[in-house]
Amino acid sequence: MTRRRWLILAGIGILIVAAVSFAALNLSGQPANSEQNSASPSPTGPIQASEPTSRPSQAELAQLRQALGTADTGALTPFVPLGRTEQLSPAFTDKLKALGLSLEEASLKEETPGVWTTEAVDRSAKRWEIGLVRVDGQLKMLYAEEAL
Amino acid sequence: MRKIVAAIVGAVLFGVATAVAGAAPALADERPSVCPTQPISITSKLTERPVIYVHGWLGKADKASAAAADGPVQLLQKRLGAGYRVLAFDYSWANQEWGATKKTRECLTSYMREASLAFQASGGDGRILAVGHSMGGIAIRAASTLLEGVAGGNNMLAGVVTLSTPHQGSPWGGTIYADLYQGYKGYTGESTPLPASGTSAALCLAWPRDRSCDSVPYLPVGTKVATIGTQIMMTRKLFDIPYVEGPTAEFPLFGDAIVPTISSNGYVPSAAPAPYPKGEFLGEQRPVCSESAGYLSQQLVKGKAKIGLVPTVIATLAGTIVEEFIDMRALDTMMQGKADISQLSFVVLAQASECFHTNMPSSSRVDDAAVAYLKKMAPKAVGSDLGPVLSATKLVTVRPWVDGSEANPSRVIDGKNATNAYCNGSNVAARADAFRCFVDQGVHDPCLQNPANAKEYLCYFGSEKVLIQNVRAESTSVSGTAAPEQSSPFLVTLADGTVCRTSSGAGPPAIPGYPYWTGSCSGPHAGIWRARYADRGSNPASGLLEKTSSGVWHVAIEEDARPGKVSLYPVAVAYR
């Protein structure tokens with residue numbers, strides 16, 4: 001289940017809870033109060049969203065290193081957030097190859113739960129930071145930007 | 001996940017509670033509103049042209065935010081510089097109510113009027129400017145209809161600049177997404193860009209607008225208007241290189257992510273079928289911010305976006321952004337102009353953009369554009385090319401029978417043998433002792449009655465003074481009751497010999513900026529003596545404009561030789 005689907009279902013569930021709570025408040029004649037509301041318990045339900053937080057493996061990082069280094073379309077595509085009908089731009093792979101990126105796996109760290117970052121260095125010694133998230137088990141590049 | 005759920009639940013419940021407490025029905029209460037004290041109070045005299053900033057939904061203009069160096073009030077003041085005084089209207093007590101509701105518009109009208117009068121009190125022309133962010137623009141438009149009902153109000157508002165005002169609503173309006181969005185944000189205490197669902201602000205944000213929503217009229221004739229609406233373009237890059245081609249390589253959000261530019265720059269058709277044009281539309285600007293989704297994601301993840309999200313939410317959001325790119329639903333629905341939950345990740349991401357809805361008033365690009373419009377809207381400063389420069393306008397209170405000015409009249413008319421001879425209240429002078437006298441076929445106005453002889457009058461026509469004798473006052477009622485020194489001028493002379501007299505009657509059609517007329521002028525600048533306000537009789541300076549620091553008043557003349565164009569000329573002497 002995608003995160004969005006989970007959010008939609010959660011939202012629907014929440015609205016039901018909200019409606020019931022609101023009706024209960026009205027029935028009991030108690031004025032609605034934001035402080036009370038903020039202390040309301042979370043709804044419980046059947047939704048158990050997957051927590052795609054597992055650390056990238058050495059094998060995955062090796063694949064990423066190879067993909068960035070060679071700029072091979074087939075190797076890169078799994079790491080890029082492309083739509084179902086989209087393809088990697090040939091201009092992108094050409095320019096990426098010219099960059100001459102080298103991944104530094106040792107820099108891997110968990111920036112925030114489920115978001116991993118690692119760095120790469122290009123031919124001109126410019127450092128790039130790559131943000132990685134896992135979607136349906138596959139590592140994807142959330143961003144690849146100049147390191148801050 | 002639990003935190004997100006708790007936040008969303010809280011937000012939804014908060015929304016429900018707010019809706020119950022704050023939803024504003026259509027106008028039913030006719031009682032005048034009691035307006036809260038404004039954080040920026042207006043002093044009795046404002047020596048600089050007032051510019052009133054009106055915040056948007058969920059915003060505020062308390063003392064702290066008005067004084068904040070990076071806040072809209074201070075930024076506008078800094079850019080406008082001397083000659084302008086930026087004030088702020090706060091309606092945080094109703095910022096989840098539709099901006100056109102009764103109390104907001106009444107209180108804003110009152111604040112505007114107060115500013116205008118304070119400016120007039122120091123010799124200014126009383127014309128103010130306003131900047132409305134988001135729903136603040138709606139509030140200004142709504143208040144302007146009330147201004148039309150107060151003396152001089154029709155032309156009080158010289159110009160309005162709206163920043164991201166939903167003139168034509170937003171796809172988010174009337175949806176529950178606002179609550180889900182606020183759920184994303186969690187309780188950070190920061191201002192959020194969408195009002196909670198169920199509130200009138202959210203309901204009336206929808207387009208077409210719900211029938212229960214108070215209408216938003218066009219601005220009055222004589223008010224210039226300009227709109228600014230930003231556009232965020234989201235680019236998809238890795239290593240600063242676009243990785244896809246075609247329309248999805250760079251896609252537009254709904255304008256500033258909340259209000260599409262077709263709405264923020266949609267003033268002109270927004271009140272149709274009301275007749276247009278009203279106001280004078282100066283133009284629109286659409287600053288574009290091209291933002292890299294990757295860069296914004298990095299800012300978000302590294303905690304540099306300062307949008308107040310807890311780490312767990314950031315993590316989920318980061319994953320969702322990637323999913324949305326894969327799924328394409330967000331892009332598809334945005335292309336269709338429909339709001340969808342799938343877009344919320346991008347809305348959150350866009351918060352780090354200068355062009356984002358709530359960031360607009362602090363954007364240097366937006367402020368520069370707004371200030372350029374405001375300076376263009378401010379009534380033209382008086383220049384030395386408009387006529388001879390005088391030291392000061394001489395204001396003369398005519399007092400025949402007291403100062404001896406009745407002596408040596410140009411003509412004497414005796415009504416003793418006339419078939420028709422009587423006087424009644426003057427139509428052109430507001431003084432209690434001013435009359436309009438009819439002697440046979442002649443009409444003389446104004447004529448000042450001799451306090452010692454009610455059948456004797458001295459009539460003023462510039463250089464000509466006519467003494468009328470033996471004419472009875474048919475009516476003791478007069479058109480004005482002002483004391484001589486408090487009455488409006490009925491005659492002015494310019495240094496070049498031009499003489500302007502007040503007139504009565506419907507007058508010529510209004511022209512932009514000058515919906516009223518005062519009279520007519522003869523001499524070198526013969527034409528129509530134009531007026532900005534309908535305040536004759538109630539204002540000792542009626543018909544006089546743009547007093548300089550050296551005390552020179554001006555009159556606005558639409559010269560016969562230049563129809564439709566008004567020039568300001570310095571007044572040598574004004575008689576009242």
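Where a number appears in this text, it was derived from the coordinates with a stated rule and is not lab data. Since the model is a prediction, treat every value here as computed from it, not as a measurement. Here the Cβ is made from the backbone with ideal geometry for all residues, glycine too, and neighbour counts use every protein chain on show.
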For this session: Calculate the mean, over all residues of peptide B:245-252, of how many other protein chain Cβ atoms lie within 10 angstrom of the residue's Cβ.
Result: 2
Problem set entry | Projected area, mean over directions - the stretch B:196-275, Cα convex hull, nm² | 8.3 nm²
Exercise. In whole angstrom, how far apart do the alpha carbon centroids of the stretch B:194-251 and the stretch B:94-170 sit?
Worked result: 22 Å
Problem set entry | Neighbouring partner chain Cβ atoms per residue of A:127-137, average, 10 Å criterion | 4
Exercise. In whole angstrom, how far apart do the alpha carbon centroids of the stretch B:497-576 and the stretch B:41-88 sit?
Worked result: 32 Å
Problem set entry | B:92, B:550 arranged by Cβ crowding within 10 Å, fewest neighbours leading | B:550, B:92
Exercise. For the stretch B:427-576, what percent of Cα pairs sit more than 25 Å apart?
Worked result: 29 percent
Seminar exercise, completed: For the stretch B:419-509, percent of DSSP beta bridges that are antiparallel (nearest 5) comes out at 90 percent
Exercise. What fraction of the Cα pairs in the stretch B:403-468, stated in percent, has a spacing above 15 angstrom?
Worked result: 47 percent
Seminar exercise, completed: Cβ density ranking, 10 Å radius, fewest first, applied to B:204, B:107 yields B:107, B:204
Exercise. So, by mean Cβ neighbours within 10 angstrom, what's the order for B:223-232, A:117-126 with the highest one leading?
Worked result: B:223-232, A:117-126
Seminar exercise, completed: In debye to the nearest 20, the charge dipole size for the stretch B:480-565, taken about the Cα centre with +1 at each Lys and Arg Cβ and -1 at each Asp and Glu Cβ, equals 120 debye
For this session: Taking every pair of Cα atoms in the stretch B:243-370, average 1/r, invert it to obtain the Kirkwood radius, and report Rg/Rh to two decimals.
Result: 1.03
Problem set entry | Length released on extending from residue B:288 to residue B:396, taking residue separation times 0.36 nm less the Cα-Cα span | 33.2 nm
For this session: Send over the Kirkwood Rh of the stretch B:299-360, from the inverse of the averaged 1/r over different Cα pairs, rounded to one decimal Å.
Result: 12.3 Å
Exercise. Using 0.36 nm per residue, how much length does the chain from residue B:241 to residue B:522 gain when fully extended, once their Cα-Cα distance is taken away?
Worked result: 94.0 nm
Exercise. On full extension of the chain, what length is gained from residue B:485 through residue B:548, given 0.36 nm per residue of separation minus the C-alpha to C-alpha distance?
Worked result: 20.6 nm
Seminar exercise, completed: Between residue B:432 and residue B:47, the two model label points (7 Å from Cα along the beta-carbon direction) sit apart by a distance in nm of 3.6 nm
Problem set entry | Ratio Rg/Rh, restricted to the stretch B:52-174 and using Cα atoms, in which Rh is the Kirkwood radius | 0.96
